[in-house]
Amino acid sequence: MVVDCLTLWVSNVLLKAIGPERDADMMAPREWTAIEASVVNETQALLRDARDRDLTLILVSNEVG
């Protein structure tokens, strides 16, 4: 399984967790804790699915620097 691009995948998970009605710039730190947990849960689900299906997982990230 290829996730191309990892940055976009994480961005989509964040946007899903934040929701369209909230302004990310105005959110309290405690709200970000719940959003961080969502990213962790989605990541664990991705890894679990790859493991359960015995897939090779390739994560592609943007070049930086």
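The values are calculated or read from the model by the stated rules, or taken from the named source; none is laboratory data. Given the structure is predicted, the values throughout are model-derived calculations rather than measurements. Please note that ligands, DNA and RNA were not included when accessible areas were found on the heavy atoms of the full protein model with its side chains. Shrake-Rupley method; radii C 1.70, N 1.55, O 1.52, S 1.80 Å.
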### Summary
Given a 1.4 Å probe, the accessible area of the chain per residue, as a whole number of Å², is 79
### Message
Output the 0 to 90 degree angle, nearest 10, between the alpha-carbon long axis of helix 6-18 and the longest principal axis computed from the alpha carbons of the chain.
### Response
40
#### Entry: Rel. contact order, % - alpha carbon contacts under 8 angstrom, at least six apart, the chain
65
#### Entry: Accessible carbon and sulfur surface of the chain relative to its total accessible area, %, 1.4 Å
54
#### Entry: Nearest-ten-degree value, helix 29-52 long axis tilted from longest Cα axis of the chain
10
